[in-house]
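Where a number appears in this text, it was derived from the coordinates with a stated rule and is not lab data. Note that the structure is a prediction, hence the values are computed from the model and not measured. Cβ atoms come from the backbone with ideal geometry, glycine included; neighbour counts cover every protein chain shown.
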Amino acid sequence: MSVSTPTVNTVLGPVPADELGVVSVHEALLSVVPGAEYAFDVTLDRAEIFETLAARLEDFRAHGGGTIVDNTGTFHGRDVRLLETLSRATGVHLVASTGQGPEELLGGYFLTPQTNPPTPWPADRFADLFAREITEGMVVPRVERRGAAGLVATAATAGGMTATDESLLRGAARAALRTGTAVSVRHDGGPVQALDVVMDEKLPADRVVVGGLDRKDAVASGAPLEIARRGAYVGLDHVGTEGHAHLTDAERAHLVADLIRAGFGDRVLLSSNATGVAKGHDGNDLPYSYVLTAFVPLLEGQGLGEEDVRRILVDNPRELLSVRRPR
């Protein structure tokens, strides 16, 4: 491999970015609400979990998929050894993420680190935590570090960004600057505000994807176009989810076409936020192949050609996930 060839951190090690193929940038494999692993009514049968996830990944690959990003972050069921085994068994590249948030899903240690009075973790502590999972490997608790995270994923509280949320976002941005990876941020209450915070840390906009932008309130506020204008990626990551909070797929396809007509086809990313196996919460049971099988035809109905679809599903995520070595 040439030293100049861009690479992406997968759970099985760095791979050339041009080998990713079609990428879904915001999905979940095993998703466990923190603490659910201790609940009496929650089972974690590893063989059953493996079989379910392997079948879903094989379906994704059979429909032309190449890579899935597990966007769950550090403490929401991430199982590095399971991801390694699944990738080897199915041939699908898996990119795991580090990161945490929003505040309500953090463990007490990360909220009140033994200070009196309790104070939020500073951004630099979050940055160190996230960066080490990229440079030294992701933590398997009390055992070892394995594999490098390929993305820093974090979120802010929908009802309003807290001091801890801001530390998380700033820490994520600093970790990205230190390691050359990209950041995925989500703040359903203020997506532009979330982008402002990470860009205030001097992180280039093209190293950021802002998720949740296919919510009706985000579209009504003009956030997708504003975020694209600033140079960040627009994450339309609930394809297939239609309800009071989200656009219909027909409306999503129209939004994608509008962004392309406005000159921002290179800023669009698509995924379904599908959950392979959910524990302690209701998952999104869509197949990982949904964008390919059900949504691409809607894009074609909007007049998008093969080049447009390839740019959104292959080229854009490849650029986002490629590690840019810090200078």
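Before moving on, here are some points about what is shown:
- Packing, taken as the mean count of other beta carbons within 10 Å per residue, orders the peptides 310-316, 27-33 from highest to lowest as 27-33, 310-316.
- Inter-site label distance for Asp59 and His244 at 7 Å from Cα along Cβ, in nm: 2.9
- At R0 = 25 Å, FRET efficiency that the Cβ-Cβ distance of Ala89 and Arg310 yields, to 0.05: 0.35
- Stretchable slack from Ala47 to His281, in nm (0.36 nm times residue separation minus alpha-carbon distance): 82.2 nm
- Fewest-first ordering of Val22, Val209 by other beta carbons within 10 Å of each residue's beta carbon gives Val22, Val209.
- Loop sites in the stretch 1-82: chymotrypsin sites (Phe, Trp or Tyr not before Pro), DSSP, at most 11 other Cβ within 10 Å: Phe40
- Taking the Cα centre of the stretch 170-327 as reference, the dipole from Cβ charges on Lys and Arg (+1) and Asp and Glu (-1) amounts to some 960 debye.
- Between Gly263, Pro14, Thr72, the Cα set farthest toward the positive side of the dipole of the stretch 7-321 (charges on each charged residue's Cβ, about the Cα centre) is that of Pro14.
- Convex hull of Cα atoms in the chain, direction-averaged projection (nm²): 16.5
- If the segment from Arg324 to His254 were pulled out straight at 0.36 nm per residue, it would be longer than the present Cα-Cα gap by 21.9 nm.
- Peptides 5-16, 173-184 ranked from most to least packed, by the mean per-residue count of other Cβ atoms within 10 Å: 173-184, 5-16.
- If only the Cβ of Lys and Arg carry +1 and only the Cβ of Asp and Glu carry -1, the dipole of the chain around its Cα centre is close to 1080 debye.
- Remark: relative contact order (the chain) = 22 percent; criterion is Cα-Cα distance under 8 angstrom and separation of 6 or more residues.
- Exposure proxy order (Cβ contacts within 10 Å, fewest to most) of Met161, Met199, Met138: Met199, Met161, Met138
- Only Lys, Arg (+1) and Asp, Glu (-1) charged, at Cβ; the stretch 36-145 dipole about Cα centre in debye: 280
- Residues with amide H under 5 Å from that of Val140, placed H, sequence gap 5 or more: Arg145, Arg146
- Most mobile listed residue (Ala131, Ala89, Ala149) in the chain, GNM with C-alpha springs under 10 Å: Ala89
- Alpha-carbon Debye profile of the stretch 196-327, log10 I(q)/I(0) at 0.09, 0.13 Å⁻¹: -0.26, -0.55
- All other residues whose Cβ lies under 12 angstrom from that of Leu236 are scored, Lys and Arg at +1 and Asp and Glu at -1, for a net of -2.
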